[in-house]
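The values are calculated or read from the model by the stated rules, or taken from the named source; none is laboratory data. All of these numbers come straight from a predicted model, not from anything done at the bench. Glycine gets a Cβ as well: all are built from the backbone with ideal geometry, and neighbour counts include every protein chain shown. For the accessible areas, the whole protein counts, side chains as well, though only heavy atoms, and no ligand, DNA or RNA atoms are used. Shrake-Rupley method; radii C 1.70, N 1.55, O 1.52, S 1.80 Å.
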Amino acid sequence: MNRKLLTVALTLTACAPAPPLIEGVTLTMNPNESAPLAGVLQYSADLSVRPRFTLSSEGEEDIVVTDAPANASGPTPLLGMRADREYTVSVSFEPEAGGAAVPGGDFTLTTPPLPDDFPPIEVTTIRPARMEPGYQFVPTMRWTKRGPDREFGLVFALDAAGEVVWYFRTDKSVNDVKRLPNGDLIYLAGRDGRMVQINKLGELVKHWHTTGIPKDDLPEGSIPVDCDTFHHDFVLMDNGD
């Protein structure tokens, strides 16, 4: 009887997956000034893992972030931090194939304050029971006595308390924004026919431009579209276009 139990125990031990090997774990604030509230996790693993973050800040409830994509390396963006705060962030890695999580370390991050010209936000009503989970992304235009400021563009994200937890600043007005299935954002820029896709770190992923209005400052690789301009709205089709 004892021999049978020992054999079963040895078999189970042999079948247990080896924990992933994680190296080069760092967590810093995003160096891209266009999206300075995001954190950037770097790491290298010998198999696909999903980073998990626990954010702690004095006077606030802990935030657990579990929606990071599974991968074998970074960079992985971290969202959810409010401006002008100090956070302690605990990082762990969960193997995509299953198994116990591996600790990645504890880090301290200090977020910058919002810019002086950031639009003021006043929360008048909060009804948590009627709210969807997650963040609300808001495109913003700045108006002057002469009309909209076409050299100011801003998209920001609010948490459930109406606090800014991410923003992206650009030098062209932002008219509409949508979140793509992979987490990237796509928005209409300016008034001369531009559509821009960025990731959560504010980095350019794709750029489209219309051919009907001449432009002299297109980024390399911009995709031409045969029409005059884009305006007001766009729709993601089933085939991904």
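Odds and ends about this structure:
- Count - residues of the stretch 40-62 that are surrounded by fewer than 21 Cβ atoms within 10 Å (Cβ to Cβ) and closer than 22 Å to Phe168 by Cα: 2
- If you check Lys206, Lys215, Lys200 for being closer than 29 Å to Glu33 by Cβ and outside any loop (DSSP other than H, G, I, E, B), only one passes: Lys206.
- Some residue of the stretch 72-90 being within 17 Å of the chain's Cα centre (by Cα) and without any contact (Cβ under 8 Å) to a residue 12 or more places away in the chain: no
- Filtered residues of the stretch 186-241 (kept if in contact with a strand residue (DSSP E or B) (Cβ under 6 Å, 6 or more places away or on another chain) and at positive phi): Gly193, Gly202
- Checked against (1) open to solvent by 60 Å² or more (accessible area, probe 1.4 Å); (2) of a type outside the set (D, E, K, R); (3) assigned to a loop (DSSP other than H, G, I, E, B), Leu37 passes all but a single condition, namely (1).
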